[in-house]
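The values are calculated or read from the model by the stated rules, or taken from the named source; none is laboratory data. Please read all numbers here as calculations on a predicted model, not as lab measurements. Positions of Cβ are backbone-derived with ideal geometry, glycine not excepted, and every protein chain shown enters the neighbour counts. In case anyone asks, the SASA skips ligands and DNA or RNA and just uses the protein heavy atoms, side chains included. Shrake-Rupley method; radii C 1.70, N 1.55, O 1.52, S 1.80 Å.
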Amino acid sequence: MTRWAAVAGWPVDHSLSPCLHGAWLETAGVKGRYDRLPAPEDGAKKILKTALADPDCAGLNVTLPHKGLALRLADRKTDAAKSIGAANLLYRDDGKWVADNTDAEGFLYGLRRQASEFQPERAAALVLGAGGAARAAVYALTQAGARVTIANRTEKKAKRLAKDFKAGVAAWPPDVREADLLVNATSIGLDGASAPPVDFSASRNALIVYDLVYRPLETPLLKTAKSSGRRSVDGLDMLIGQARPSFKAFFGVTPPDLDARQILLEAMERT
Ligand code: NAP
């Protein structure tokens, strides 16, 4: 019997998770597998339930569009999953399925890795976006003691998110003058050409610009931030930071010390 875990979503063909977990499994000498589990909208519930019913299944990472479904399928939910309202991880605990959300932990891991001087307590954080990634970022930042403001193209979504986390709401396009940290949690930049409408000339010199989009690694927003002399943080370490606790939950060991960024960069070049 080989324990296995997988990333479930639709589409999942381009998911980088199997490369990373595969490398960790091999280096740690753990007998196990990490697969892709394609789960189209129509039939996703059955596919996930079948996986969870397999005694060899150590758990699932769940990605778009099934993070809400993952939460509903679990016997128990962690505080992070409950507060964010979505789960990206299902793991076994004492025979029960637990839904967790490690995106918030991944978000803070990325900040620590690339901007270790940033002190979230009382810092002014401006989060762009009000979707799933923004929810995880706002949860992480409010937990860490930051003063969070949300700006989103569709303001009513920003208001809903702000209400859930006692955060502030700002207009779109965003005014970055008062921010210590700017987080792009929108999908702008995925095309490699577009950037959120931000005027860096008016921002603080010490502004840290964190783009959660990691493909391309250097988004147009980060390019402009850098050329304006602002500190930039890319989204790749968030991906690693959300995967680390998942690996531990599936296979019971801490991920071995590997250059995870390099593994992912090579995988990105191949796919
Ligand atoms: P989502 O739920 O679909 O939310 C998308 C957000 O982007 C919404 O707030 C939407 O605003 C905004 N948006 C999209 N196009 C826009 C445009 N042209 N102008 C202004 N706003 C626009 O997506 P998500 O799950 O939150 O993910 C967002 C991004 O985060 C993804 O693209 C992904 O690359 C990244 N992400 C990274 C990690 C990581 O590990 N680094 C993890 C999760 C997500 P409206 O509400 O107005 O539509």
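Every test in (1) over 21 Å from residue 237 (Cβ atoms); (2) open to solvent by 10 Å² or more (accessible area, probe 1.4 Å); (3) in contact (Cβ under 8 Å) with a residue 12 or more places away in the chain; (4) hydrophobic (A, V, I, L, M, F, W, C) is passed by residue 39 save one, and that test is (2).
Among the residues making up segment 182-216, a single one is open to solvent by 40 Å² or more (accessible area, probe 1.4 Å), of a type in the set (D, E, K, R) and touching a helix residue (DSSP H, G or I) at 6+ places or on another chain (Cβ under 8 Å): 215.
The condition (being within 30 Å of residue 266 (Cβ to Cβ) and within 19 Å of the chain's Cα centre (by Cα)) is satisfied by just one residue among 111, 126, 161: 111.
Contact map, segment 186-209: first residue under 16 Å from residue 226 (Cα atoms) and within 16 Å of the ligand (Cβ to nearest atom), second residue open to solvent by 40 Å² or more (accessible area, probe 1.4 Å) and hydroxyl-bearing (Ser, Thr, Tyr), Cβ cut-off under 8 Å, separation 6 or more or different chains; pairs are 195/224; 198/224. Any idea which of 177, 153 is part of a loop (DSSP other than H, G, I, E, B), open to solvent by 40 Å² or more (accessible area, probe 1.4 Å), more than 15 Å from the ligand (Cβ to nearest atom) and not acidic (Asp, Glu)? Residue meeting the stated conditions: 177.
Out of segment 251-271, which residues are touching a strand residue (DSSP E or B) at 6+ places or on another chain (Cβ under 9 Å) and either exposed (fewer than 14 other Cβ atoms within 10 Å of the Cβ) or outside any helix (DSSP H, G or I) (or both)?
Quick first cut of segment 251-271, residues touching a strand residue (DSSP E or B) at 6+ places or on another chain (Cβ under 9 Å) only: 251-252.
The one that is touching a strand residue (DSSP E or B) at 6+ places or on another chain (Cβ under 9 Å) and either exposed (fewer than 14 other Cβ atoms within 10 Å of the Cβ) or outside any helix (DSSP H, G or I) (or both): 252.
Out of the residues in segment 104-120 that are charged (D, E, K, R) and at pLDDT 95 or above, which is farthest from residue 180 (Cα to Cα)? Show your work before the answer.
From segment 104-120, those charged (D, E, K, R) are 105, 112-113, 117; that's our starting set.
Now drop any that are not at pLDDT 95 or above, which leaves 105, 112-113.
On the way: 105: 20, 112: 15, 113: 17 Å.
Checking each candidate, the answer is 105.
Return a yes/no flag: does segment 22-33 have any residue that is open to solvent by less than 30 Å² (accessible area, probe 1.4 Å), in contact with an Asp or Glu (Cβ under 9 Å, 6 or more places away or on another chain) and either within 17 Å of residue 251 (Cβ to Cβ) or not in a strand (DSSP E or B) (or both). Within segment 22-33 (the criterion being open to solvent by less than 30 Å² (accessible area, probe 1.4 Å), in contact with an Asp or Glu (Cβ under 9 Å, 6 or more places away or on another chain) and either within 17 Å of residue 251 (Cβ to Cβ) or not in a strand (DSSP E or B) (or both)), the answer is no, since none of the residues qualifies. Residues satisfying the criterion are present in segment 108-124 (criterion: of a type in the set (S, T, N, Q) and under 20 Å from residue 236 (Cα atoms)).
Report whether or not residue 163 is out of contact with any Phe, Trp or Tyr (no Cβ under 6 Å at 6 or more places or on another chain), within 19 Å of residue 136 (Cα to Cα) and near the ligand (Cβ under 10 Å from one of its atoms). Judged against the criteria, residue 163 is not a match.
In segment 219-231 there is at least one residue that is touching a residue at least 24 places away in the same chain (Cβ under 8 Å), surrounded by 16 or more Cβ atoms within 10 Å (Cβ to Cβ) and within 11 Å of the ligand (Cβ to nearest atom). Residue 248 fulfils the conditions (1) more than 18 Å from residue 16 (Cβ to Cβ); (2) touching a helix residue (DSSP H, G or I) at 6+ places or on another chain (Cβ under 8 Å); (3) assigned to a helix (DSSP H, G or I) except for a single criterion, (2).
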